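Asker: Next up is a structure, given as structure tokens.
The values are calculated or read from the model by the stated rules, or taken from the named source; none is laboratory data. This structure is a prediction, so every number in the text was calculated from the model and none was measured. For neighbour counting, all protein chains shown are included, and Cβ atoms are generated from backbone atoms with ideal geometry for every residue, glycine included.
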């Protein structure tokens, strides 16, 4: 059973289900945190600050969401790919657009000798794809097509929208935890205690523990969601190309090359982020695991 062939349709479905289960875990943590805090705090100012802070956070994330493509391109100093100079690059993207039924995204180049690529944009109509000069120089046509199919899959699966939702939820939990802990600190300094707090010492302890652990838990869940979306994009790439060979070749070459240095803010967008950290702390699955899964398709 271990060597059973994987169906990319089954893998896509499974990864989507797992992603939504993980989102559900984040929501449950959020509800638990709010419930415990509501049982501890009786003053109105906490909820006023919470509402204002939530609105500011949501507006901030929405602004980043709508400008995600432009911000990502500027951060790596990417330039539009000339249609005359990069004819093959354009041809491959056009072919994948037809295969996927998506509009052709705007395509860009970033100067870097390592093999990598990323996609961004809030929806298929506002999507961009960017590849490194190293990818164009070191990959053959089939491997480059595999990389582009992976990035087109992120666009098709609305991964930017999905990860934005995750970021909003994770950000809200971190903010609520900070407000709660600071309000308790302020209350202890000023000596302000009411009868409700005295009668709910257990809830206060639970609230403090949850407020400390919740941001850590949901951050790990966010990383797990990111890894699931990468697996899903790999499977969708096989669906578009009807073969895993090209993407396997590209990931193998990335594994055998030195890792590409990019800023932490945009690193999760890229095709691969090689690293020596434990998988639970990584935004991308280990390349070895991705290659092994693709080889079974």
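Asker: I need a count of the residues in the stretch 141-167 that are surrounded by 24 or more Cβ atoms within 10 Å (Cβ to Cβ) and at positive phi.
Answerer: 0
Asker: Hey, residue 82 hits all of (1) under 27 Å from residue 294 (Cβ atoms); (2) at pLDDT 90 or above but one; which does it fall short on?
Answerer: Unmet for residue 82, out of (1) under 27 Å from residue 294 (Cβ atoms); (2) at pLDDT 90 or above: (1).
Asker: Could you list all residues from the stretch 241-269 that are surrounded by 24 or more Cβ atoms within 10 Å (Cβ to Cβ) and at pLDDT below 90?
Answerer: Of everything in the stretch 241-269, just one residue is surrounded by 24 or more Cβ atoms within 10 Å (Cβ to Cβ) and at pLDDT below 90, namely 269.
Asker: Given the criteria over 30 Å from residue 130 (Cα atoms) and modelled with pLDDT of 80 or more, does residue 215 qualify?
Answerer: Criteria met by residue 215.
Asker: If you scan the stretch 115-128, which residues turn out to be surrounded by 17 or more Cβ atoms within 10 Å (Cβ to Cβ), outside any helix (DSSP H, G or I) and without any contact (Cβ under 8 Å) to a residue 60 or more places away in the chain?
Answerer: If the condition is that a residue be surrounded by 17 or more Cβ atoms within 10 Å (Cβ to Cβ), outside any helix (DSSP H, G or I) and without any contact (Cβ under 8 Å) to a residue 60 or more places away in the chain, then 121, 122, 127, 128 are the ones that fit.
Asker: Only one of these conditions is not met by residue 295: (1) surrounded by fewer than 22 Cβ atoms within 10 Å (Cβ to Cβ); (2) at pLDDT below 80. Which number is it?
Answerer: (2)
Asker: Do we find that residue 143 is under 15 Å from residue 271 (Cβ atoms), in contact (Cβ under 8 Å) with a residue 12 or more places away in the chain, part of a helix (DSSP H, G or I) and more than 21 Å from the chain's Cα centre (by Cα) in this structure?
Answerer: It is true that residue 143 is under 15 Å from residue 271 (Cβ atoms), in contact (Cβ under 8 Å) with a residue 12 or more places away in the chain, part of a helix (DSSP H, G or I) and more than 21 Å from the chain's Cα centre (by Cα).
Asker: For the stretch 96-114, does any single residue satisfy the condition of being loosely packed, with under 13 Cβ neighbours inside 10 Å, in a helix (DSSP H, G or I) and at pLDDT 75 or above?
Answerer: yes
Asker: Taking only the stretch 28-47 into account, find how many residues are more than 13 Å from residue 176 (Cβ to Cβ) and modelled with pLDDT of 70 or more.
Answerer: 1
Asker: Also, I was wondering about something else. Could you check the stretch 74-95 and list, in sequence order, the residues that are within 23 Å of the chain's Cα centre (by Cα), over 13 Å from residue 149 (Cβ atoms) and assigned to a helix (DSSP H, G or I)?
Answerer: 74, 75
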